[in-house]
Amino acid sequence: MHLTSPWRQHFPCFELFDQQGVTYLDSAATAQKPHILLQVLQQHYASGVANVHRAQHALANRITAELEQARATVLQWLGATDNDQLIFTKGATDALNLVCHGLSHLFQPGDEIAVSLYEHHANLIPWQQLCQRLQLKLVVLPFNSSGALDPIAAKQLITPNTKLLALSPLSNVFGITQDLTPTLQHAKQCGALRVLDCTQYAVHQRIDQQLLQHCDFLALSSHKLFGPDGVGILWASQAQHSLLHPYQFGGEMVAHCSIEQSSFLPAPLGFEPGTPNIAGILAFAKVLQWLADLDQTAIQHYEQALHQQLIEGLEQRAVKFAGSPNCALASFSHPQVHSADIATLLAEQGVAIRAGSHCAQPLLKALGAEQGLLRVSLGFYNDSQDLTRFFSAYDAALELLL
Ligand code: PMP
């Protein structure tokens, strides 16, 4: 079946890509941007700017109100309540560092932090460094042959010693959906705080109240969700947000500052020192509203069908898959040819996919794939023709390399 995306027309870059012969299959790295994003940026910068939460003049008041409206929009998109906290950050990495530093006062030497072996470096290294600094133990949860978290091992390894669990529901390497609820419930019973890295998950699966009920903190990036670069969020539950301590300091987060000491505003402003990416935040909120108005069921079915075509094409070529991908992407290698060589020859033919360690070096080591994996990742703007171009470029590359 030939799949064409009704959503492709919303993304201006594809007209250019078609002229240039570019096929973009690297959306897990970053997603292309819809018209609405450009419209918001244009309107924002053309209407006169002001800083937020500072001045008394009308322009500043309007833009402050717009920023706070954007915060409410993102909370609503998440299915969160108004009492939950939403802190704007520079991205998922920044949000995960914020929660890691912000909770560091809770740990005692010997406490345990659990992460999966498939975490992106952004949800691994902050915890690893914290463990080294505070003499905590980093407990690594294994995955099964499909690439999902092994729930039985997780249940054994998460104990009352576990003070925090940091997990991603959708890995940027495996591309497999999974129900983490039992593991998250077990972690709660053990008294652990739960941090979810939803950077990839949020693009392909809806975040809802049910997921939020099973975590305490949640991080994601705007740019993977068709929004601008340099914006992310840290959501914190009503119950646990007061555990966070500020970790970056400066203007506009301060309740009182004397030369000897300072006190800080409560969340969210106490965690947003300095001038935020105002235009980016406004554009992100509008992109989320635009996304929410699209037919989510149709998008999910379309993505699944396209993913199936990707998997079938790769199976015909007898690649070695990492796990059993069922969503969004596929990571794989060729039994004889180096991934970087294939990606280079694909790039020469205008096909953008990614080769390398995908910011998950411990995972690649565990898979025995230190030399790197190829990854094809899909957006709902991709279509069957993109896959046809990819497969013919792949076949041509292998003909040269074998
Ligand atoms: N977590 C996951 C699962 C990711 O895929 C990424 C981005 N590749 C990140 C975290 C980090 O996101 P960012 O680079 O936008 O901070």
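The values are calculated or read from the model by the stated rules, or taken from the named source; none is laboratory data. The structure displayed is predicted, hence computed values, not measured ones. Cβ: placed from backbone, ideal geometry, glycine included. Neighbour counts: every protein chain shown.
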Residue in the range 337-353 that is assigned to a loop (DSSP other than H, G, I, E, B), crowded, with 21+ Cβ neighbours inside 10 Å and in contact with a helix residue (DSSP H, G or I) (Cβ under 7 Å, 6 or more places away or on another chain) present: yes
It is to be established whether one or more residues within the range 330-342 are among the acidic types (Asp, Glu), under 22 Å from the mean Cα position of the chain (by Cα) and over 19 Å from Gly147 (Cβ atoms). no
Here is a list: Pro325, Pro273. Which entry is under 23 Å from Tyr381 (Cα atoms) and not acidic (Asp, Glu)? Pro325
Assess whether Val52 counts as being surrounded by 13 or more Cβ atoms within 10 Å (Cβ to Cβ) and either in a loop (DSSP other than H, G, I, E, B) or within 16 Å of the ligand (Cβ to nearest atom) (or both). yes
Which ones in the range 199-234 are assigned to a loop (DSSP other than H, G, I, E, B), touching a Cys at 6+ places or on another chain (Cβ under 8 Å) and among the aliphatic types (A, V, I, L, M)? Ile207
Residues of the range 90-111 being more than 9 Å from the ligand (Cβ to nearest atom) and surrounded by fewer than 21 Cβ atoms within 10 Å (Cβ to Cβ), which ones? His101, Ser104, His105, Leu106, Phe107, Gln108, Pro109, Gly110, Asp111
Count - residues of the range 192-243 that are within 16 Å of the ligand (Cβ to nearest atom), of a type in the set (D, E, K, R) and farther than 13 Å from Val99 by Cα: 2
Test for Ala318: is it at positive phi and without any contact (Cβ under 8 Å) to a residue 60 or more places away in the chain: yes
Count of residues meeting criterion [in a loop (DSSP other than H, G, I, E, B) and surrounded by 17 or more Cβ atoms within 10 Å (Cβ to Cβ)] in the range 178-189: 2
Tell me which residues, restricted to the range 27-44, are outside any loop (DSSP other than H, G, I, E, B) and surrounded by 20 or more Cβ atoms within 10 Å (Cβ to Cβ). Leu37, Val40
So, Leu170, is that one within 16 Å of the ligand (Cβ to nearest atom), touching a helix residue (DSSP H, G or I) at 6+ places or on another chain (Cβ under 7 Å), in a loop (DSSP other than H, G, I, E, B) and within 20 Å of Glu119 (Cα to Cα) or not? yes
Only listed residue being closer than 21 Å to Asn326 by Cβ and either small (Gly, Ala, Ser) or in contact with a Pro (Cβ under 9 Å, 6 or more places away or on another chain) (or both), chosen from Pro151, Pro142: Pro151
Among the candidates Gly350, Gly368, which residue alone is in contact (Cβ under 8 Å) with a residue 24 or more places away in the chain, assigned by the TED database to the domain that holds Ser324, small (Gly, Ala, Ser) and away from the ligand (no atom under 16 Å from the Cβ)? Gly350
Report yes if some residue within the range 9-25 is outside the structural domain of Glu252 (by the TED database), out of contact with any strand residue (DSSP E or B) (no Cβ under 6 Å at 6 or more places or on another chain), in a helix (DSSP H, G or I) and of a type in the set (D, E, K, R); otherwise report no. yes
Which condition number does Gln20 fail, the rest of (1) more than 16 Å from the ligand (Cβ to nearest atom); (2) closer than 21 Å to Gly251 by Cα; (3) surrounded by fewer than 21 Cβ atoms within 10 Å (Cβ to Cβ) being met? (2)
